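Visitor: Let me give you the structure first, and then I'll get to my questions.
The values are calculated or read from the model by the stated rules, or taken from the named source; none is laboratory data. Keep in mind that what you see is a predicted model, and the values were worked out from it rather than measured. Neighbour counts run over all protein chains shown; Cβ positions are idealised from the backbone, glycine included. Note: areas computed on protein heavy atoms with side chains; ligands, DNA, RNA excluded. Shrake-Rupley method; radii C 1.70, N 1.55, O 1.52, S 1.80 Å.
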Amino acid sequence: MIKNEKEVIIDLLQKEGLKIIQRTDYFNFSLDSLLVAEFLTLTKNIKKIVDLGTGNGSIPLFLSKRTKAKIIGLEIQEVSADLAKRNIEINNLENQIEIINDDMKNWKNYLAPGSQDAVITNPPFFKVTENKELLNDLNQLSLARHEIAINLDDLIKSAANLLKDKNGYFTMVHRPDRLIDIIETMRKYSIEPKRLRFCHSKEGKNAKMILIEGIKNGSSGGLIVYPPLYAHNEKGEYSKEVLEMFKG
């Protein structure tokens, strides 16, 4: 399945044999994808899931170990979408996961409003107007990291329109310094925040990521803030909790 020297295949889960093809010049799987896939609430009523900005398909792959729900990944970049499709094939998940190569704002071309039980995303974190020194010369990396093709407002609006009323879950990983914007925007589009967890590189360090989940037109209040998640121990190795996630 390797097409050129920039591609590598790595094992995603230690026990389950899940594999992923990545390219060194494109945005690749990161721990964020595993964390948000594990954070998503999965009940027996979750039958349809959409991953907005699926990249090379790592979130759908992780979710396939937790649920039999139908998963659709939307990805704007053609090379990333092609990698995602190939990743679905090498893991024999064509019957569960579908990859669509298009702008996520065009979701109406493929899905009906209010049709999804859950929407999950690991979106671009940075506003175009901030951290300009971090902009990479490679356009494909800039699109993955910065709000060029879609901003936070458009992302959450799309998610809200896709979700079923009252029991549709929106789950996202993002940066702590965007938390106020995220909560305000979720409520703007009638997604009530219900679960929140701060993720730290290790104990004693400031949070680097947040995991947040809300329900479309859920009742107000009742936000649960979970204990912090530590990605690494004092030796710099993955924490016991993260290692358990990798074991599937």
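Visitor: Farther than 30 Å from N109 by Cα and at pLDDT below 95: which single residue out of K166, K202 fits that description?
Guide: Answer to the selection: K202.
Visitor: Take the residues of segment 34-54 that are over 25 Å from E241 (Cα atoms) and within 9 Å of the chain's Cα centre (by Cα): which is modelled with the highest pLDDT?
Guide: Across segment 34-54, the extreme among qualifying residues is L52.
Visitor: Taking E184 as the residue in question, decide whether it is under 10 Å from G214 (Cβ atoms), without any contact (Cβ under 8 Å) to a residue 40 or more places away in the chain and of a type outside the set (K, R).
Guide: For E184, the condition - under 10 Å from G214 (Cβ atoms), without any contact (Cβ under 8 Å) to a residue 40 or more places away in the chain and of a type outside the set (K, R) - is not met.
Visitor: If you go through segment 201-248 one residue at a time, how many are of a type in the set (S, T, N, Q) and loosely packed, with under 11 Cβ neighbours inside 10 Å?
Guide: Residues flagged as of a type in the set (S, T, N, Q) and loosely packed, with under 11 Cβ neighbours inside 10 Å within segment 201-248 amount to 3.
Visitor: I would also like to ask the following. Condition check: assigned to a helix (DSSP H, G or I), modelled with pLDDT of 95 or more and open to solvent by 30 Å² or more (accessible area, probe 1.4 Å). Does E184 satisfy that?
Guide: Criteria met by E184.
Visitor: What are the residues in segment 102-119 that are closer than 16 Å to I150 by Cα and either in a loop (DSSP other than H, G, I, E, B) or out of contact with any strand residue (DSSP E or B) (no Cβ under 6 Å at 6 or more places or on another chain) (or both), if any?
Guide: The answer is D102, D103, K105, N106, W107, K108.
Visitor: Further question: Those residues that are touching a residue at least 60 places away in the same chain (Cβ under 8 Å) and on the phi > 0 side of the Ramachandran plot, I need them from segment 187-209; list them, please.
Guide: Hits for segment 187-209: nothing passes.
Visitor: Further question: Just one of K6, K68 is at pLDDT 80 or above and open to solvent by 30 Å² or more (accessible area, probe 1.4 Å); which is it?
Guide: It is K68.
Visitor: I've got another one for you. Is it the case that D154 is assigned to a helix (DSSP H, G or I), at pLDDT below 95 and among the charged types (D, E, K, R)?
Guide: yes
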